[in-house]
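Down below is the structure, laid out as structure tokens.
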Amino acid sequence: MNLEKYLAVAGTPGIHKVIATRSNGFIIEDRNENRTRFVPLRQSQVTPLGTVGIYTYDAKDGDGTTPLGDVFTKMLDAIETTPTPAPDANSVAFREYFVTVLPEHDRDRVHINDIKKCVKWFNYMLNKGMFEEIKAADAKESEGDITAEEVKGGE
């Protein structure tokens with residue numbers, strides 16, 4: 001799951017899609033207000049979701065993390081059998097949920113607040129239909145790759 005075009009902006013609720021980049025900030029699609037707006041980098045702390053990872057014991061990359069996109073994929077796969085905890089649930093419920101969904105997460109370095117933020121982002125994106133958007137974009141991108149490979153093979 002490619003989360004490169006999605007951001008969390010400090011002080012602004014929700015996850016936002018990048019429409020365009022400028023040298024001094026981003027133009028984002030704000031799903032809460034149903035409009036696009038400019039977010040200046042000098043005044044806002046911006047976290048691209050594509051750069052976020054969860055510490056795991058058996059991480060594939062060298063930094064010991066699993067990308068957030070892979071974690072969200074596991075959460076989507078488990079949504080039918082293991083629903084996300086309520087936002088006001090206790091810390092034990094969040095940890096148990098994460099142990100079920102991502103058993104290889106590093107319990108010493110992944111704090112409850114990290115899990116809560118991850119679940120909050122996941123629920124927001126699920127409720128706003130962003131995962132369907134991402135799946136459609138990924139499918140379109142993979143079709144483009146296949147088409148390009150077929151063209152190369154035909155030469």
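Descriptive notes on the structure:
- Meets criteria (more than 16 Å from M1 (Cα to Cα), outside the structural domain of G14 (by TED's automatic domain parsing) and either surrounded by 15 or more Cβ atoms within 10 Å (Cβ to Cβ) or at pLDDT 95 or above (or both)) for I115: yes
- Cβ-Cβ under 8 Å pairs, at least 6 apart or on other chains, the stretch 65-82 side in the same structural domain as F122 (by TED's automatic domain parsing) and more than 13 Å from K135 (Cα to Cα), far side part of a loop (DSSP other than H, G, I, E, B) and of a type in the set (D, E, K, R): T66/K60; T66/E104; P67/D61
- Count - residues of the stretch 124-140 that are crowded, with 16+ Cβ neighbours inside 10 Å and either at pLDDT 90 or above or outside the structural domain of L76 (by TED's automatic domain parsing) (or both): 5
- Note on the stretch 1-41: residues that are among the basic types (K, R) and not in a strand (DSSP E or B) total 2.
- Selected residue (criterion: surrounded by the most Cβ atoms within 10 Å (Cβ to Cβ)) from residues of the stretch 42-52 that are in contact (Cβ under 8 Å) with a residue 12 or more places away in the chain and assigned to a loop (DSSP other than H, G, I, E, B): V52
The values are calculated or read from the model by the stated rules, or taken from the named source; none is laboratory data. Because the structure is predicted, anything quoted here is derived from the model rather than measured. Virtual Cβ from ideal backbone geometry, glycine too; neighbours counted across all protein chains shown.
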